[in-house]
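Just so it is clear, none of the values below were taken in a lab; they were calculated from the coordinates. Here the structure is a predicted model, which is why all the values come from computation and not from measurement. Positions of Cβ are generated from backbone atoms using ideal geometry, with glycine treated the same way; all protein chains shown enter the neighbour counts.
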Amino acid sequence: MKEARFYTKADGGVQCLLCPHHCRIKEGGRGLCRSRECRDGKLYALSYGLPCALAIDPVEKKPLNRFMPGTRCLSLSCTGCNLSCRWCQNSDISQVAPEEADSTVYSPWDIVEACLRHGLPSIAYTYTEPFTWWEYMYDIAALAHEKGLKNILVSAGYVEKEPLKELSPFIDAANIDIKALDDSIYRRFCGATLAPVLENILTMAAAGIHLEITNLLVTGLNDSEEQVANLCRWMVSNGLQDVPLHLSRFFPRYRMMEPGPTPRKTLHSARDVALSCGVKTVFLGNI
């Protein structure tokens, strides 16, 4: 546990300023991400130093297909997410509090040392929403940067400007998951909003971070040619036509056990749409 950054005092507690939710947290309460708690008038990051998942992955699994291809990375996660996507693939660790998942104590140096010991060139902050454990990610990333390691962010991109600005100098590559270019889908199915995600993607691009974008095509929800075209036109109109786009296949999970998996033909059609809109590199995932 460590005192959190990005909050202010509020009546009877604090207000978290890490992400656009701006949770007002009463004494003894927690934010929507479940991992930040008000104690004695201060906000604490409960999952600091308590990763619930550690693995060695191909960097392509993040997915990043144009950043250090053929290498492996140390993948790291703590519990927590500030979205509540009904189809979450990792709900057993993203939609729970730190005490509800198995974890092991690892200091930032422990993580960096493990990466060096295994000869891995990069660390990926992944599986859940890394911004909900910003303090831990930041401390690891800064130390990793000193040791010549690369830092990879895998995120939904739902964070405020200042936390992103402070972290960006240490992030070398990011895969950002856009749920749909449709604010109503974000609000209804993810408990969030679209605009901050798009703004943060452009901020990362301007900062020189290597970007790749993922779009999970959920059957009957965001998999129409119109939905795909809207996303791709936004990318092209904002100068992101060279950013690799990963169109990923949906499988029933968590609170969305219906409909069935995305038909393969839908993904192939979506790739054709993306290419016709001007996106230069398209990958199909989960097939």
Next item on the list: Note the listed values (i) 14.0; (ii) 12.5; (iii) 20.7, then indicate which one is mean projected area of the Cα convex hull in nm² calculated from this particular structure.
Entry: (i)
Check: Measuring from label point to label point, each 7 Å out along Cα→Cβ, what is the A142 to N230 span in nm?
Finding: 4.0 nm
Next item on the list: May I ask you to derive the FRET efficiency for R264 and A206 from their Cβ-Cβ distance with R0 = 41 Å, giving the value to the nearest 0.05?
Entry: 0.70
Notebook entry, point to check: So what is the calculated 222 nm ellipticity per residue for the chain, using -39500 (n - 2.57) for each DSSP H run with n of 4 or more, over all residues, to the nearest 500 deg cm²/dmol?
Noted result: -7500 deg cm²/dmol
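Going by average Cβ density within 10 Å per residue, which order do the peptides 190-200, 208-218, 251-261 take, highest to lowest?
Numbers: 190-200: 18.5, 208-218: 20.9, 251-261: 13.3.
Answer by packing, highest mean first, reads 208-218, 190-200, 251-261.
Determine the gain in length on full extension of the stretch T193-H22; use 0.36 nm per residue of separation and subtract their C-alpha separation, reporting nm with one decimal. If you can, show how the numbers build up before the last one.
Details: separation 171, 0.36 × 171 = 61.56 nm, distance 1.28 nm.
Result for the pair: 60.3 nm of gain on full extension.
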Note to self: Strictly over 30 Å apart at the Cα level, which of K26/K61; K62/K161; K42/K179; K147/K280; K42/K161; K42/K165 would you flag in this model?
What the structure shows: K26/K61; K42/K179; K147/K280
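Can you tell me how much longer the chain between T71 and H118 gets when fully stretched, taken as 0.36 nm per residue apart minus their C-alpha distance, in nm with one decimal? Working shown, then result.
Numbers: separation 47, 0.36 × 47 = 16.92 nm, distance 1.22 nm.
Value of the extension gain: 15.7 nm.
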Next item on the list: Just grab the label-to-label distance for N286 and K42, each label 7 Å out from Cα along the Cβ direction, in nm (one decimal).
Entry: 4.1 nm
Next item on the list: Please report, to two decimal places, log10 I(q)/I(0) for segment 73-152 at q = 0.18, 0.22 Å⁻¹ as given by the Debye formula with identical point scatterers on the Cα atoms and no solvent.
Entry: -0.73, -1.00
Check: Which whole-number percent gives the relative contact order of the chain, counting Cα pairs below 8 Å spaced six or more residues apart?
Finding: 14 percent
Next item on the list: Note down the magnitude of the dipole of segment 2-45 about its Cα centre, charges +1 on Lys and Arg C-beta and -1 on Asp and Glu C-beta and zero elsewhere, to the nearest 20 debye.
Entry: 120 debye
